[in-house]
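All remarks here apply to the structure that follows.
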Amino acid sequence: MPVNEIKGESLGKSLFSGENLTCVRGGRNVFIGLSFHLTESSVLILEGPNGSGKSSLIRILSGLLRARTGTLTWQNEDATNEPEIFQKHIHYIGHRNAIKPVLTVQENLSYWSGLDQNDTDLDKALDQFNMLPLKNTPANLLSSGQSRRLALSRLLASRKKLWLLDEPSVGLDVASVKLLEHVIDQHLLTGGSVIFATHSPIDVKAPTRLNLREYSPLYNNALINLDDEEECWV
């Protein structure tokens, strides 16, 4: 599917784009010829069944993996072979919360933020996800939902332009999903953008949707098989 046919694409200043991306992992073509275009103050939702490559694509866009073929462009600058160009502007949250159980809630957030934020900034980030009353609680005492909200608080403490989220609502109840939706809406209002993969509904304004089934040989027999000697590589 050409990039300009992706459902819901909006006009705006170009932020991040990929052209003809192909990923091979474990000797299998995960996706072939995938393209996308993300503008400022916009959301791209990655859809598709398990195995279609949503997590692999997010890791490529975070710079943790390299695509076998294709190009990446950040603010009209070719970043295909220089992921550091976009990595400094991105905050990635994957399936795992990456919480240190021996630290308190606030200490965890302070650890992730380094020296960039003061305690007031950290408190504001925690408050957005209703975690401020628990800031002195050891992380090993948190529920799964609280742990996920703590991880998501990193987004606000990081102050990055682009958020990359892999199943961000996992472990969240309905009320917590509403908090996440509000935080995303506020991020868009300040010029930020978000790319996320999810199997659960997350209500955001005017999202673009990219269904990876279209690019996956596992689900789309029309795609040709390529050599499987190379893989996405770190």
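Quick look at the values:
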{"item": "In degrees, nearest ten, helix 144-158 long axis to first principal axis of the chain (Cα)", "result": "80"}
{"item": "Coil-residue chymotrypsin sites (Phe, Trp or Tyr not before Pro) of the stretch 78-155, DSSP, other Cβ within 10 Å capped at 10", "result": "none"}
{"item": "Under-5 Å amide H pairs with Arg25, H placed in peptide plane, nonlocal only", "result": "Val30, Cys232"}
{"item": "Relative contact order %, the chain, counting alpha carbon pairs below 8 Å whose residues are six or more apart", "result": "33"}
{"item": "Cross-link pairs beyond the 32 Å C-alpha cut-off, checked among Lys88/Lys178; Lys13/Lys100; Lys13/Lys135", "result": "Lys13/Lys100; Lys13/Lys135"}
{"item": "Cα centre as origin, Lys/Arg/Asp/Glu Cβ charges: the chain dipole, Debye", "result": "480"}
{"item": "Cα→Cβ-extended label distance, 7 Å offset, between Asp173 and Asn136, nm", "result": "2.5"}
{"item": "Within the stretch 24-51, backbone nitrogen closer than 13 Å to the virtual label 7 Å beyond the Cα of His182 toward Cβ", "result": "none"}
{"item": "Two-site label geometry, Glu107 and Arg209: point separation in nm, points 7 Å out along Cα→Cβ", "result": "4.5"}
{"item": "Extension gain (nm, one decimal) between Thr198 and Ser143, 0.36 nm per residue minus Cα-Cα", "result": "17.7 nm"}
{"item": "Antiparallel bridge percentage (DSSP; both residues within the chain; nearest 5)", "result": "50"}
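Bear in mind these aren't lab numbers, they're just calculated from the coordinates by the rules spelled out. Since the structure is predicted, the reported quantities are computational estimates derived from the model, not experimental observations. Note: ideal-geometry Cβ built from the backbone for every residue, glycine included; neighbour counts use all protein chains shown.
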